[in-house]
Amino acid sequence: MSEILNRLEVFCNSVGRCVAWLTLIMVFVTSIIVIGRYWFDLGSVRLQESLTYMHAAVLLLASAYTLASGGHVRVDIFYSKFSEKVKGCVNLVGTLFLLFPFCIFLIWFSLDYVALAWQIRESSKEAGGLPFPFPVIMKSLIPLASFLILIQGIVIAAKSLLLIHKRDH
Amino acid sequence: MAWIAFLMFLIVMLILLSGFPVALTLAGTALIFAAFGILTGTFDPAFLETMPSRIYGIINNVTLIAVPLFVFMGVTLERSKIAEDLLNTLSMLMSEVKGGLGVAVILVGALMAASTGIVGATVVTMGLLSLPTMLKAGYQPSIATGTINASGTLGQIIPPSIILVLLGDVLSSAYQQAQLKQNIFRPETVSVGDLFIGALIPGLMLVGMYILYVLILAKMKPSTMPKWGNKKSNMGRKEAFSDILKALIPSLMLIFAVLGSIIGGIATPTEAAGVGATGALLLAFLRGKLSLAKLKEISRDTARFTSMVFLILIGASMFSLVFRGFGGDSAIQNFLTSMSSGPMMALAVVMVIMFCMGFVLDFIEITFVVVPIVGPALLAMGIDPLWLGIMIAINLQTSFLTPPFGFALFYLRGVAPKSVKTIDIYRGVLPFVAIQLIVLFMIALWPELATWLPNQL
């Protein structure tokens, strides 16, 4: 059981750690854009858009990893004083009633939205922007990220349950 | 059905206190309320259908790309120990002056703030770096902690603060909405760059008054902050001078290049942030502090911070959508516009509410949850968006410093040694809270302090 949980978490973490490198690439791409514009009077819509896409990938796909490593802000006035068991209860109840519904809602509602974009083979609205399928892939990141958060939520819920249970014996 | 919206607001606040992540609490609670609303026929499900395109709008927002880039720059400067060197050299420079160490801490706080803009991080770093030194030098604990707390929160107001980027983006869409409602179809805009420039004078005023306070106190009660002579001050003047140059000049140049290019209108905040991050990498490399492992840490920290900010934005967006669906928006707007004493009274009410929310919520959450709801109403009454933004920023900064709930105080308590009493931390920060309030009232009385400079450029 805990073997499966660990694998799921490792999976979410590795996705997040991979996209984290995009932040470094974003730094370089921005500099290239600036140099190109101010020294050579060159501009590239595609390069600009790639920045947006990398940004979207980072903030969406690193979310489950951030959740796993406790990076999402909590109001910890009371939380920091709770015992491990109470913390487990907060996380279990919160995950079941807040995280799960929201992720399932997002997956459910965004699938139609994304499917439509695939159907009409949507490309960039900007002239000279990135062609199909890049804009559609960006939209698809929304349900994908929700799915990753959902998986990490399952891991958190199960671990909290184990934690609460263990202390009972 | 506006009362349901306010009930939801109340319940969200309560659930937040349990300590479940803010972003998911906002989104999840809103969803539950929406579900009940749909079942009882008080909520139009069509609102929920717009959620995917709202998220798409968030991830497609070009202005907000500046956030990860500024964070990257800040984390790089922090991880390569540039802030530490700054503090060491500056305090050396000031060791001959009474209260010099305090002034050095304020200056480093302002500079570090300018390069990171993450409040908690700045207070913690400053606390770890300077508190032991100040205590060892014989500073009274209350004065040492007060100075560190106040300097650590300067990051919110001194550009390029990440918080001003977020606030600028939210304000600009609130401003457009306000103008569209008044049938102005070629709306004026307010940009992140404008907000940066507008924050410059108020930010420098705060720094100046902090320093003045420390110097006056050192003059009147010399025993509370003795002169600080460390071993290095015995070193030859030339040597000391070159040390200072090495530590100070590159980081100062970086900060001025980033700010200057935004203020001069040469680069957008995003471009300046990207160049600044490259510059920070270069600095770290030249100091031999850059390795593949460091790069990995820096990019992971950046990714986690970015995704934290944006998940809150998504959660808050869900929350305000449902809040609007229940008619909470229009109820608040009616309430604000119906106030007989006019826009200033409405503004004052909003400011007090935000100040109190600052005891529970961080800057990012308040910006994303409250500003979209009250912003359009206030701006439609003719309040200047730049002025509003700066007032909000200083107001919240003050809230974070106010005992007993201020955020900054908690952060510092976490890293302060046991010998420093909590009451010392509270007492020491009070004069700085007074300074904050003075500056806040000055800007309220003379909006030009915030709006003059942006209009000149």
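The values are calculated or read from the model by the stated rules, or taken from the named source; none is laboratory data. On a predicted model such as this, the values are computed, not experimentally measured, just so you know. For neighbour counting, all protein chains shown are included, and Cβ atoms are generated from backbone atoms with ideal geometry for every residue, glycine included. When the accessible area is computed, the model is the full protein with side chains, heavy atoms only, and any ligands, DNA or RNA have been set aside. Shrake-Rupley method; radii C 1.70, N 1.55, O 1.52, S 1.80 Å.
Here are some notes:
- Stretchable slack from A:Leu96 to A:Trp39, in nm (0.36 nm times residue separation minus alpha-carbon distance): 15.1 nm
- Percent breakdown of C-alpha pair distances by 10 Å bin, ordered from the shortest bin, for the range B:21-88: 16, 26, 23, 17, 12, 6, 1
- Chain B: calculated mean residue ellipticity at 222 nm from DSSP helix runs of at least 4, using -39500 (n - 2.57): -25000 deg cm²/dmol
- Buried accessible surface for the B/A pair, both sides summed and rounded to the nearest 100, is 5100 Å² with a 1.4 Å probe.
- Based on protein heavy atoms only, the range B:316-377 ends up with 31 Å² per residue of surface accessible to a 1.4 Å probe.
- Considering chain B, its Cα convex hull presents a mean projected area of 22.9 nm².
- Angle between chain A longest axis and helix A:2-40 axis [Cα atoms, degrees, rounded to 10]: 30 degrees
- Between B:Phe185 and B:Thr42, the contour length at 0.36 nm per residue exceeds the alpha carbon distance by 48.2 nm.
- Solvent exposure of the range A:77-169 as accessible area per residue, Å², 1.4 Å probe: 55 Å²
- With the convex hull drawn around the C-alpha atoms of the range B:316-379, the volume per residue stands at 75 Å³.
- Taking all Cα pairs closer than 8 Å and separated by 6 or more residues, the relative contact order of chain B comes to 28 percent.
- Descending principal axes extents, the range A:28-91, alpha-carbon based, whole Å: 60, 19, 13
- For the range B:256-361, the alpha carbon positions stretch 62, 32, 24 Å along the principal axes, listed from largest to smallest.
- For the range A:4-53, diffusion coefficient by Stokes-Einstein and Kirkwood Rh (Cα), 20 °C, 1.002 mPa s, µm²/s: 168 µm²/s
- Mean partner shielding of peptide A:75-82, defined as the number of other chain Cβ atoms within 10 Å of each residue Cβ, is 5.
- D (Stokes-Einstein, µm²/s), Kirkwood Cα radius, the range A:95-169, 1.306 mPa s at 10 °C: 110 µm²/s
- Around B:Gly265: net Lys/Arg minus Asp/Glu count, Cβ-Cβ under 12 Å: -2
- Of the residues in the range B:65-79, those shielded by at least 10 Å² of accessible area once partner protein chains are present, compared with the chain alone at a 1.4 Å probe, are B:Ile65, B:Pro68, B:Leu69, B:Phe72.
- Apolar share of the accessible surface for the protein assembly as shown: 68 percent from carbon plus sulfur atoms, 1.4 Å probe.
- The average projected area of the range B:309-457, computed from the convex hull of its Cα atoms over all directions, is 10.9 nm².
- Its alpha carbons give the protein assembly as shown an Rg and a Dmax of 24.5, 80 Å.
- Per residue, the convex hull around the alpha carbon atoms of the range A:39-130 comes to 146 Å³.
- Placing R0 at 51 angstrom, the Cβ-Cβ distance between A:Phe134 and B:Ser341 gives a FRET efficiency of 0.45 after rounding to 0.05.
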